[in-house]
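Taking it in order: structure first as structure tokens, then the write-up.
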Amino acid sequence: MLRDITLGQYYPADSLLHKLDPRVKLFGTMIYIISLFLFDNLWGILWITLSLVAVIRMSKVPFSFMIRGLRSIVILLLVAGVFNLFLTPGEKLASFWILTITKEGVKNATLMTIRMVYLIIGTSIMTLTTTPNQLTDGLEKSLHGLTKLNVPVHEIAMMMSIALRFIPILIEETDKIMKAQMARGADFESGNIFQKAKNMVPLLVPLFVSAFRRAYDLAQAMEARCYHGGEGRTKMKPLQYVSRDRNAYLLILAFFVIVIVLKVVF
Amino acid sequence: MSFIEAKNLVHEYFRRDEDDNVVDVLTAVDNVDLHVEAGQFISILGHNGSGKSTLAKHLNVLLTPSSGSLFIDGKDASDEKNTLKIRQNAGMVFQNPDNQIIASVVEEDVAFGPENIGVPTDEIWERVEKSLKAVGMWDYREHSPNKLSGGQKQRVAIAGVMAMEPKCIVLDEPTAMLDPDGRKEVLDAVHELNKKKGVTIILITHYMEEVVGSDYVFVMDKGSVVMQGTPREIFSDVETLKAHRLDVPQITELAYELKKSGVDLPDGILTRQELLEALRYLDEN
């Protein structure tokens, strides 16, 4: 049951987006998010929608995968939409009981909803086309400058990738401990949510102990293979820009310039 | 000078109370002399708590001697400057296959060692290919280690060490958590590395059967080396082995029992083939 959890949501396909350097995708996502909060008119929406549709088509990932992420925020969307709709002061459109709908309210609610939906779709395109490892690599390389500020960038990236490797192992272990305790009469299924959570406590202790033991073993194995931090380390698969990455950067910049132009002109 | 040279090697574990006062000293390795030539296949035998794993960790400088001297490939293990160089020359494979695989793709894990010692990218790819082929795991290079069997994982771990091109590999009970098939897989791979690539092998184990194919055997008990010799010499002395709470391989045991009950057999029979021949010889005369 626990093994069904998949981490990350990489969708393997052979598309241009999949082949792009993760740094380009991170940069693009950042520009896209900024653009989402810049636009405030119809032309802006149109331009961003157009670009989004083009990118979705390019990614070769089924659209249903992208809107999957939306399900979890439906309630948030509704709440934000309703609050914006009723609580924005301005020119009155309609009112009943104590609720008033204003012109500005309608505009805000629409913009807000579109922004959030686009935000989720846009970022899922990135996680759907990039493996967690590529993402870690991309982050490590992009944030390398922070090393000068004493941020342990390499170490954080290394921890992230090790965590990714150990999640399935720890899940399997949890499964094993659960079965061993169930065989001796432990009950994980009945009761309300608080009782269930309480029943999980005896599961956590052995899991923690074993996780620490694994961490110790792993640290030793890493040291035995000459690991001594990021200094002087080479890469088997170094990130290297090719011409398509440069073109992608130019396209992203062009996209951003148009967003700004649309905002200034209209 | 030989490849590994240990003289009067001692390692003590200290147990301290809250004020950092030593309350207990456990001598895990006690005055061990070890002498290994390059290219040999060495086994170190001992039951749990005999100090064999502690000794193994010295060979990779995960631990340093409390006293005595240890030279590996001519380099002093007590000198911190030599640590990385020694680790590169004497790789180590551990017991639990899950806890020594670092990356989530087989080929990237094998590349971890060479990456650490700063091998250029092109050469990393060459080394990964060579070492994965050497242990017969090349077809699995793009798999996730989580989907491999225990024996396969352990072979990947060996490939990971091989990719650093060490002169020697120390295997600390590499088969303890494997099923018989996996055990055979791993041992075959190790023997092949020893024969074809001339890598010095130090196999730490408590399975008697695994010792049979080695050049020289050290038997440890309570931190000291209590017996040493060729497998045949070791297994000829069934009584002493039993005194150190170790068993002999089944065939040797059978021959020993037969001999005790009056069959005229030579000492130290190691394989089924040898026993058969000895019996046939008796039959003919």
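Which one of these is within 25 Å of the chain's Cα centre (by Cα), within 14 Å of another protein chain (Cβ to nearest Cβ) and at negative phi: A:T147, A:T131, A:T123, A:T113? Break it down stepwise before answering.
Details: A:T147 fails: within 14 Å of another protein chain (Cβ to nearest Cβ); A:T123 fails: within 14 Å of another protein chain (Cβ to nearest Cβ); A:T113 fails: within 14 Å of another protein chain (Cβ to nearest Cβ).
None of the other options fit; the residue is A:T131.
Out of A:G69, A:G8, report the one residue that is modelled with pLDDT under 85 and farther than 15 Å from A:L119 by Cβ.
On the way: A:G69 fails: farther than 15 Å from A:L119 by Cβ.
Within the list A:G69, A:G8, the selection yields A:G8.
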Quiz item: Does segment B:238-251 hold any residues that are out of contact with any strand residue (DSSP E or B) (no Cβ under 7 Å at 6 or more places or on another chain), surrounded by fewer than 19 Cβ atoms within 10 Å (Cβ to Cβ), at negative phi and outside any helix (DSSP H, G or I), and which are they?
Solution: B:D247
Exercise. Give the number of residues within segment A:236-250 that are more than 24 Å from the chain's Cα centre (by Cα) and either assigned to a loop (DSSP other than H, G, I, E, B) or at positive phi (or both).
Key: 2
Self-check item: Top-ranked residue of segment A:172-195 - restricted to ones that are under 30 Å from A:Y10 (Cβ atoms) and exposed (fewer than 15 other Cβ atoms within 10 Å of the Cβ), ranked as modelled with the lowest pLDDT
Solution: A:E172
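Yes/no matrix, rows are residues, columns are (1) among the β-branched types (V, I, T); (2) out of contact with any Leu (no Cβ under 8 Å at 6 or more places or on another chain); (3) at pLDDT 85 or above:
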site	(1), (2), (3)
A:R3	no, yes, no
A:H18	no, yes, yes
A:K25	no, no, yes
A:I33	yes, no, yes
A:L36	no, no, yes
A:L46	no, yes, yes
A:L52	no, yes, yes
A:S59	no, no, yes
Practice problem: Answer yes or no as to whether A:R233 is more than 27 Å from the chain's Cα centre (by Cα), surrounded by 14 or more Cβ atoms within 10 Å (Cβ to Cβ) and closer than 25 Å to A:K19 by Cα. | Solution: yes
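For A:L93, are the conditions met, namely being free of Cβ contacts under 8 Å to residues at least 40 places away in the same chain and either farther than 15 Å from A:T127 by Cβ or not assigned by TED's automatic domain parsing to the domain that holds A:F166 (or both)?
So A:L93 passes the test.
Which of the residues belonging to segment A:76-116 are in contact with a Lys or Arg (Cβ under 7 Å, 6 or more places away or on another chain) and either surrounded by fewer than 14 Cβ atoms within 10 Å (Cβ to Cβ) or assigned to a loop (DSSP other than H, G, I, E, B) (or both)? Quick ask: steps written out before the conclusion?
Start the filter on segment A:76-116 by keeping residues that are in contact with a Lys or Arg (Cβ under 7 Å, 6 or more places away or on another chain), which leaves A:90-91, A:93, A:100, A:102.
If the condition is that a residue be in contact with a Lys or Arg (Cβ under 7 Å, 6 or more places away or on another chain) and either surrounded by fewer than 14 Cβ atoms within 10 Å (Cβ to Cβ) or assigned to a loop (DSSP other than H, G, I, E, B) (or both), then A:G90, A:E91, A:L93 are the ones that fit.
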Quiz item: Can you name every residue in segment A:159-210 that is within 14 Å of another protein chain (Cβ to nearest Cβ) and among the basic types (K, R)?
Solution: A:R165, A:K176
Practice problem: For segment A:209-228, state whether one or more residues are modelled with pLDDT of 85 or more, β-branched (V, I, T) and either under 16 Å from B:F112 (Cα atoms) or assigned by TED's automatic domain parsing to the domain that holds A:M159 (or both). | Solution: yes
Quiz item: Since A:F188 meets every condition but one in (1) farther than 30 Å from B:E165 by Cα; (2) touching a helix residue (DSSP H, G or I) at 6+ places or on another chain (Cβ under 7 Å); (3) in a helix (DSSP H, G or I), which condition does it not meet?
Solution: (3)
Quiz item: Which ranges mark the helices (runs of 4 or more DSSP H) fully within segment B:65-144 that have 2 or more residues being within 13 Å of chain A (Cβ to nearest Cβ) and among the polar types (S, T, N, Q)?
Solution: B:83-89, B:121-134
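Condition check: facing chain A (nearest Cβ under 10 Å), surrounded by 23 or more Cβ atoms within 10 Å (Cβ to Cβ) and not in a helix (DSSP H, G or I). Does B:V61 satisfy that?
For B:V61, the condition - facing chain A (nearest Cβ under 10 Å), surrounded by 23 or more Cβ atoms within 10 Å (Cβ to Cβ) and not in a helix (DSSP H, G or I) - is met.
Using the structure shown, decide if B:A157 is over 23 Å from the mean Cα position of the chain (by Cα), hydrophobic (A, V, I, L, M, F, W, C) and under 24 Å from A:Y216 (Cβ atoms). Explain how you work it out, then say what you get.
Numbers: over 23 Å from the mean Cα position of the chain (by Cα): no; hydrophobic (A, V, I, L, M, F, W, C): yes; under 24 Å from A:Y216 (Cβ atoms): yes.
For B:A157, the condition - over 23 Å from the mean Cα position of the chain (by Cα), hydrophobic (A, V, I, L, M, F, W, C) and under 24 Å from A:Y216 (Cβ atoms) - is not met.
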Quiz item: Mind checking which residues of segment A:201-224 are touching a residue at least 24 places away in the same chain (Cβ under 8 Å) and either within 20 Å of B:L63 (Cα to Cα) or of a type in the set (A, V, I, L, M, F, W, C) (or both)?
Solution: A:L203, A:L207, A:A211, A:R214, A:L218
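Residue by residue, here is whether (1) under 21 Å from B:D172 (Cα atoms); (2) of a type in the set (F, W, Y); (3) free of Cβ contacts under 8 Å to residues at least 24 places away in the same chain holds:
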position	(1), (2), (3)
B:V219	yes, no, no
B:K222	yes, no, no
B:G229	yes, no, yes
B:R232	no, no, no
B:K259	no, no, yes
B:D264	no, no, yes
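The values are calculated or read from the model by the stated rules, or taken from the named source; none is laboratory data. As the structure is a prediction and not an experimental result, all values here were calculated from the model. All Cβ positions, even for glycine, are placed from backbone atoms using ideal geometry, and neighbour counts span all protein chains on display.
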